[in-house]
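Below is one structure; the comments refer to it alone.
A short reminder: the numbers here are calculations on the coordinates, not readings from a lab. Treat the numbers as computed from the prediction; the structure is a model and nothing was measured. Heads up, the Cβs are rebuilt from the backbone with ideal geometry, glycines too, and the neighbour counts pull from every protein chain shown.
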Amino acid sequence: MSTNNAYYIPHKATWPVMATLGLTVTLAGFANYLNGASIGSTMMIAGLVIFIAMLAGWFTLQATESESGMYSNQVGISYRMGMMWFIFSEIMFFAVFFGTLWYTRNLSVPWLGGEGTGAATKELLWPTFEAVWPTNGPAAVGGHFEPMSAWGLPFLNTLILLASGVTCTWAHHGLLANHRDQLIKGLAATVGLGFLFVAFQAIEYHEAYTEMGLTLGSGIYGSTFFMLTGFHGFHVCVGAIFLSVILFRSSKGHFKPENHFAFEAAAWYWHFVDVVWLGLFIFVYLM
Amino acid sequence: MSAAVAEHDDHHDDHEHHDHGPEKGLLRWIITTNHKDIGTLYLFFALAMFFVGGTMAMVIRAELFEPGLQFVQPQFFNSMTTMHALVMVFGAVMPGFVGLANWMVPMMIGAPDMALPRMNNMSFWMLVAGILLLSTTLFMEGGAPAGGWTLYPPLVLQTGKALPFAIFSVHLLGISSIMGAINIIATIFNMRAPGMTLMKMPLFVWTWLITAFLLIAVMPVFAGAVTMLLTDKFFDTSFFDAAGGGDPVLYQHIFWFFGHPEVYIMILPTFGVASTIIPVFARKPLFGYSSMVYATASIAFLSFIVWAHHMFTVGMPIAGELYFMYATMLIAIPTGVKVFNWTATMWKGAMTFETPMLFSIAFVVLFTIGGFTGLMMSIAPSDFQYHDTYFIVAHFHYVLVPSSIFILMAAGYYWLPKWTGHMYNEKIGQLHFWLSTISVNILFFPQHFLGLAGMPRRIPDYAVQFADWNMISSIGGFIFGASQLLFLYIVIDTIKGGTGEKVTNEVWEDAHKHGLEWTLPSPPPYHTFTTPPTVIPTEHV
């Protein structure tokens, strides 16, 4: 049953205002930091503290309301729609960077190499440049670098993320069958694998910067490589923190087989991050 | 059903406003989750930004009144054109329609509120934060962004201290828009009253559903583009730098993949309001309801595959020029369907000409002019003549000012009596209409001639052969700007009591046939449709 008169309308929202304040102070601080103003980093930290406090407060509020049964099925559907469309917006965000990779590899770099109507550009500006991939461009921006191989840590990370998708689904089955032990073990494994992924990624970045000469400044290859894998790594962190909250709530006895929106949202988000990685592994590392 | 929900119901049985009425004082407006409060906030914010952006336009027209430099430096002039555009697009037009959606969508579909009320509050405040951050750039070393609202590299990367602030303000505005759009989609899909099937929804709800989809699809794209500007400037990346293998044209492709749907984000809700108002004053059902829905969806789909018509002169392969030319021309078909439907709705109708109807009719005529100039520019070889001239300025101002802005005005006159319970002053309303309509044409029509004669856009000074039409355009601009103060007066006057005439529930004759909002009291109580309505108007079916 879901009728409108049973619809829960919350009142007096203070967390959204705090979220706005936290995010705005953080971003204004970051902008000041980029401009070299000394107040920048202090503002950023202050903003982040506000934002994290807000997250803790708002999550607690939602968890309490959910556990006390204030959300009808209709509210649950609204939340699910909200999460689905949010993930769609994230897909479009990553699409920009995948599109950038496609455009530079297939269009702008070949044009610089003289293909199509690009002959004059090549002859006049960079007559010796040959279009290859990976490249740091006709001016060899950032100097010599080695491209990242797919078959070391990245392949291991692929296996880790795929395994974490399995453990996440296993935990969901546990929740649906009311096997709390399976739920908690599955979630713990997922969170662990998630942070392991992030750790390996950090090692990979360290190697790139210290041994391979591969940096954000390594022309278009370095730019697209770090932008794509960096934003993905950030999303893995967010997803793993999200799952940690779910793990914590599960250990407190939250969620029922018929009422566990937050779990589903975290799981959807995790699978989304997983799929983006498969795209990265194919288009950034393999091809 | 849980106990908490039952308790919630009990409160309503006790007394309608027992503990769910508005907060006292200023705090009400900060922490509100009520769709009517948030709609009001959005509308007032949009009105304020309309005057801020309008003031910038007055600076532009004052400087262009005569050839030579009169009042401002070229750098500041370029900041004015850039900020005028950003403030009007993200601060006035978009929030204006989001405000209407907040107020009207729940009332039109018989819902108690928006689906996600807390997020609704956050989307409004993120908007305010984004515009505040953008406004601070006016006072920074190096001035506000001056490279045009499209923020093309490499020019925009020469911005001073303002650059990261402008970029982060785009992020905040994007977050605000995406959250607002998610909320509208969830509300429309999940909160409709029983019997309110999709094909019975008012056109305004339909157009907002499709607009919300566009917003979620393209705001992240803009965010991604400006993020790459940020890393190119501060973190050594080469996305838009050919020396590193990137391409400045790539930015233009990404920007317009966002930018073209963005212009439809501003016009589709306009179509929705026009389709709502015209039938009421023609006293006929909307002609071709389902074709209106399909035309809106077609326009939305086409908006994703025509972006490079903004870049015909950038140096594209000939196949690209041809494809984007023909794809763009296709848009004239669903748009033509709409114009003919509005005309057919009025055909043999028992028409009356109150202010909302006057603005709507002016919209149909003047939008069509803007549409036709768009068709002219879609022809790639002709566009080489028009590109970056005042012709394009005239074109997009015709589809924004006497279209989106006029319809926002029409919506104000149409729904103010419902929102406030008071009638506005019809005489002043009509004066506002005639002054606006005449002056907007004096303002923008000569810009077609200037553009065709070769006057470039975004310049503070010009050759003397452009002097006459620029002076006429500026005079039109000053009259138009001053006339809008009448609207401000009417809004305040109506809130304070208007004509003193008691308005009925339906306000306009037989309006209850056209929308659920007219079955509610004027003004509607703080909470409406806490029990779903059963009577669904079926006028248009």
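As a footprinting exposure proxy, order B:T207, B:T530, B:T32 by other Cβ within 10 Å, with the fewest listed first.
Lowest to highest Cβ neighbour count: B:T530, B:T32, B:T207.
Return the average number of partner chain Cβ atoms within 10 angstrom of each residue Cβ along peptide A:92-98.
Going residue by residue through A:92-98 and averaging, the value is 6.
Report the label-to-label distance for A:V275 and B:L155 in nanometres (one decimal), using points 7 Å from each Cα along the Cα→Cβ vector.
Modelled inter-label distance: 3.9 nm.
What is the dipole size for chain B, taken about its Cα centre, with +1 at each Lys and Arg Cβ and -1 at each Asp and Glu Cβ, in debye to the nearest 20?
660 debye
To the nearest whole number, what is the average tally of beta carbon atoms from other chains within 10 Å of the beta carbons of peptide B:313-324?
That average works out to 1.
Quick check: Cα centre of region B:428-481 to Cα centre of region B:90-117, how many Å?
Their Cα centres are 34 Å away from one another.
Mind checking the mean number of beta-carbon atoms from other chains within 10 Å of the Cβ atoms in B:212-218?
Per-residue shielding by partner chains comes out at 3.
Calculate the length of the line joining the C-alpha centroid of region A:195-260 to that of region A:81-107, in whole Å.
Using only Cα atoms, the two centres lie 17 Å from each other.
Sort A:T64, B:T136, B:T276 by Cβ crowding within 10 Å, fewest neighbours at the top.
Going from sparsest to densest Cβ surroundings: A:T64, B:T136, B:T276.
Can you tell me the order of A:119-129, B:157-167 when each peptide is scored by its average per-residue count of other Cβ atoms within 10 angstrom, highest first?
Packing order, densest peptide first, comes out as B:157-167, A:119-129.
I'd like the Kirkwood hydrodynamic radius of region B:83-123, using the inverse of the mean 1/r over distinct C-alpha pairs, in Å.
Result for region B:83-123, one decimal place: 11.4 Å.
Just to be sure I understand the model, the point goes 7 Å from the Cα along the line to the Cβ. What's the resulting B:I438 to A:V198 distance in nm?
Distance between label points: 6.6 nm.
Of the peptides B:331-338, B:172-179, how do they stack up when ordered by the mean number of other Cβ atoms within 10 Å, highest first?
Packing proxy ranking, top to bottom: B:172-179, B:331-338.
By count of other Cβ within 10 Å, fewest leading, how are B:H35, A:H232 ordered?
In increasing order of surrounding Cβ atoms, one gets A:H232, B:H35.
Beyond 18 Å, what percent of the Cα pairs of region A:1-70 remain?
Cα-Cα pairs in region A:1-70 separated by more than 18 Å: 53 percent.
Please sort through the DSSP H helices of chain B and keep those with an alpha-carbon extent of at least 15 Å along the long axis and a Kyte-Doolittle average not below 1.0.
B:35-63, B:94-109, B:162-190, B:203-234, B:248-282, B:289-303, B:318-330, B:355-378, B:467-495
What residues of region B:449-482 lie in the reach of a label at B:V365, counting those whose backbone N is under 11 Å from a point 7 Å from the Cα along Cα→Cβ?
In region B:449-482, the label zone of B:V365 (backbone N under 11 Å from the point 7 Å along Cα→Cβ) covers no residue.
Semi-axes of the equivalent ellipsoid for chain B, please: Cα gyration tensor eigenvalues, times 5, square-rooted, ordered largest first, whole Å.
So the three semi-axes of chain B are 38, 27, 24 Å.
Of B:A300, B:Y152, B:L330, which is farthest on the positive side of the dipole of chain B, counting Cα position, with +1 on Lys and Arg Cβ, -1 on Asp and Glu Cβ, and the Cα centre as origin?
B:L330
Calculate, for A:V17 and B:M376, the FRET efficiency according to 1/(1 + (r/R0)^6) with r their C-beta to C-beta distance and R0 60 Å; round to the nearest 0.05.
After rounding, the FRET efficiency stands at 0.80.
Per the helix-only calculation at 222 nm, which mean residue ellipticity applies to chain B, given -39500 (n - 2.57) for every DSSP H run of n ≥ 4 and division by its residues, nearest 500 deg cm²/dmol?
Theoretical 222 nm ellipticity from helices: -22000 deg cm²/dmol.
How many angstrom separate the Cα center of region B:142-162 from the Cα center of region B:246-286?
Region B:142-162 and region B:246-286 have Cα centres spaced 26 Å from each other.
For B:W29 and B:D388, FRET efficiency with R0 = 51 Å and r from the beta-carbon atoms, rounded to 0.05?
After rounding to 0.05, the efficiency reads 0.75.
State to the nearest 20 debye the size of the charge dipole of the protein assembly as shown about its Cα centre, where the only charges are +1 on K and R beta carbons and -1 on D and E beta carbons.
Result for the protein assembly as shown is approximately 780 debye, rounded to the nearest 20.
Taking H placed 1.01 Å from N in the peptide plane, check which residues at least 5 places from B:T389 or on another chain put their amide H under 5 Å from its amide H.
Those lying under 5 Å, H to H, from B:T389 are B:R457.
For region A:73-286, what is the relative contact order in percent, using Cα pairs closer than 8 Å and at least 6 residues apart in sequence?
Result for region A:73-286 is 25 percent.
With the Cα gyration tensor of region A:23-136 giving a ≥ b ≥ c as the square roots of its eigenvalues, does the rule (a/c under 1.5 for rounded; else a/b larger than b/c for prolate; else oblate) give rounded, prolate or oblate?
oblate
Using Cα pairs under 8 angstrom and six or more residues apart, how large is the relative contact order of region B:293-401, in percent?
31 percent
Using all C-alpha to C-alpha distances in region B:151-245, build P(r) with 5 Å bins and read off the rounded percent in each one.
All Cα pairs, binned at 5 Å, distribute as 2, 12, 18, 15, 12, 10, 9, 7, 6, 5, 3, 1, 0 percent.
Counting only helical runs of four or more DSSP H residues, what would the 222 nm mean residue ellipticity of chain A come to if each run contributes -39,500 (n - 2.57) and the total is spread over all its residues?
-23500 deg cm²/dmol
With viscosity set to 0.692 mPa s at 37 °C, what whole-number translational diffusion coefficient in µm²/s follows for region B:440-487 from Stokes-Einstein and a Kirkwood radius over Cα pairs?
Answer from the Stokes-Einstein relation: 290 µm²/s.
So, by mean Cβ neighbours within 10 angstrom, what's the order for B:312-318, B:91-97 with the highest one leading?
B:91-97, B:312-318
Please pull out the direction-averaged projected area of chain A, using the convex hull of its alpha-carbon atoms, in nm² to one decimal place.
About 19.2 nm², averaged over all directions.
Tell me, what is the FRET efficiency for B:L485 and A:M287 to the nearest 0.05, using R0 = 60 angstrom and their Cβ-Cβ distance as r?
0.50
Measure off 7 Å from each Cα along the Cα-to-Cβ vector at B:Y326 and B:D510, then give the distance between these two points in nanometres to one decimal.
4.6 nm
Give the lysines reachable from B:K348 as a straight Cα distance under 20 Å; neighbours fewer than 8 places away on the same chain don't count.
Leaving aside lysines fewer than 8 places away in the same chain, those within reach of B:K348 are B:K284, B:K338, B:K513.
Per the Cauchy relation, a quarter of the hull surface: what is the mean projected area of the convex hull of the alpha carbons in the protein assembly as shown, in nm²?
35.0 nm²
With a Cα-only, solvent-free Debye model of region A:161-287, what are the log10 I(q)/I(0) values at q = 0.09, 0.18 Å⁻¹?
The computed values of log10 I(q)/I(0) come out as -0.30, -0.89.
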